[in-house]
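Below is one structure, written out as structure tokens; comments come after it.
The values are calculated or read from the model by the stated rules, or taken from the named source; none is laboratory data. Everything numeric in this text was worked out from a predicted model, so none of it was measured. As a convention, Cβ positions derive from the backbone with ideal geometry for all residues, glycine included, and neighbour counts pool all protein chains shown. Heavy atoms of the whole protein, side chains included, go into the accessibility calculation; ligands, DNA and RNA do not. Shrake-Rupley method; radii C 1.70, N 1.55, O 1.52, S 1.80 Å.
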Amino acid sequence: MELNVLILPGDGIGTEVTREAVRVLNHVAARFSHTVNLTEGLLGGIAIHKTGGPFPAETEKLALEADATLMGAVGLPEFDNWPPEKRPERGLLGIRKCLGVYANLRPVRAYQPLIESSPLKNHLVEGTDMIIVRELTGGIYYGTPRGIAGTGDEERGTNTMTYTRAEIARVSRMAFELARARRKKVTSVDKSNVLETSQLWRRVITEVAAGYPDVELDHLLVDNCAMQLILNPKRFDVVVMENMFGDILSDEGAVLAGSIGMLPSASIGARKPNGAWVGLYEPVHGSAPDIAGQNKANPFGAIGSVAAMLEYSFGLMEEAAAVNRAVEAVLASGNVTADLKGKATTEQVGQAVCAAI
Ligand code: IPM
Ligand code: MG
């Protein structure tokens, strides 16, 4: 099979973890006799430096042409005081929207060798295995009106959380389809005791659930969900929520996995005009400027994102499983980075995963 993949290393540790993810992609492809055609593009702070904007037209074109896009991370401290519409992060929001990848799948697993890396008690964390499905192209991240206007005491910041029935229904269906292949349980997270968007969300997902009688649906308020994730993480199978709730709760989920460096993600849902699926794959962590350039970032989130790409964009289940098994073998060997209390460099972890494949 030919795998045409766009690589967007981005900023900070994004370049380092992406290098290892690409090493693993090339290795697994060679091992299973596939051809990888890589192109590289600019996104985020590096794109601002080289082109003046965080999401150049050239990157958009490359992303629309590729079968799948693998992204590192975006964000640089020098842009901290820039307005949102000019910042590196806006490039990421731009590519998500342009590809139309409305469902962001963030699996959270407690790996046995990492149980001690979590600050939580072992018996609580052990056996955790959930997928957070974060709505990715709507909600308060994109809603208008938005902005800062006025002066003095009347200066006002505005953001808008808004969802249509269609936006809620499609991500709900994605959650139910995923649950069907797992433990058949969907938890929908909202704030329906306060927000109208959440009331519509709850009503629509309940209607969608009628089409999936084999899957159980329950609802949790987002504040309670934040607590249950820590108190009883094993109760969750597929957990679906709007964009910003998903951003926040997936970082909380990272505590269960032992390190935010562990979490991969797959952003899917859209099809191209020719019918092909579109996919954007990125680790959940950010650009971590504080440890950038030191060869000590954990590449497992990026490598896991390659496994997700093989599975969702190319349907290569055996290849994806080979990557995931190799990750588990390396975790068990203790050849891991400092965030997991190991001594390995980013590069050594990538090489060890290739060797284990
Ligand atoms: C994430 C990140 C991004 C988000 C930032 C970098 C814009 O935190 O993917 O979770 O908020 O979506
Ligand atoms: Mg986030």
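A few points about this structure:
- Selection from the stretch 342-357 of residues that are in contact (Cβ under 8 Å) with a residue 40 or more places away in the chain and either charged (D, E, K, R) or outside the structural domain of residue 295 (by TED's automatic domain parsing) (or both): 347
- Filtered residues of the stretch 276-307 (kept if under 26 Å from residue 100 (Cα atoms), aliphatic (A, V, I, L, M) and away from ligand 2 (no atom under 16 Å from the Cβ)): 276, 278, 303, 306, 307
- For residue 247: the one exception among (1) within 14 Å of ligand 1 (Cβ to nearest atom); (2) under 14 Å from the mean Cα position of the chain (by Cα); (3) not assigned by TED's automatic domain parsing to the domain that holds residue 194: (3)
- Residues that are open to solvent by 10 Å² or more (accessible area, probe 1.4 Å) and more than 10 Å from ligand 2 (Cβ to nearest atom) were ranked within the stretch 236-257; the one that is farthest from residue 122 (Cα to Cα) is 245.
- The requirement of being open to solvent by less than 20 Å² (accessible area, probe 1.4 Å) and either free of Cβ contacts under 8 Å to residues at least 40 places away in the same chain or within 22 Å of residue 324 (Cα to Cα) (or both) is not satisfied by residue 30.
- The condition (being open to solvent by less than 20 Å² (accessible area, probe 1.4 Å) and in the same structural domain as residue 69 (by TED's automatic domain parsing)) is satisfied by just one residue among 293, 269, 275: 269.
- Any chance residue 273 is away from ligand 2 (no atom under 16 Å from the Cβ) and either in a loop (DSSP other than H, G, I, E, B) or under 23 Å from residue 140 (Cα atoms) (or both): yes
- Residue check, residue 242 closer than 30 Å to residue 341 by Cβ and among the acidic types (Asp, Glu): no
- Restricting the stretch 65-78 to residues that are surrounded by 19 or more Cβ atoms within 10 Å (Cβ to Cβ) and more than 27 Å from residue 276 (Cβ to Cβ), the residue that is nearest to ligand 2 (Cβ to nearest atom): 75
- Of all residues in the stretch 255-266, those that are near ligand 1 (Cβ under 10 Å from one of its atoms) and in a helix (DSSP H, G or I) total 1.
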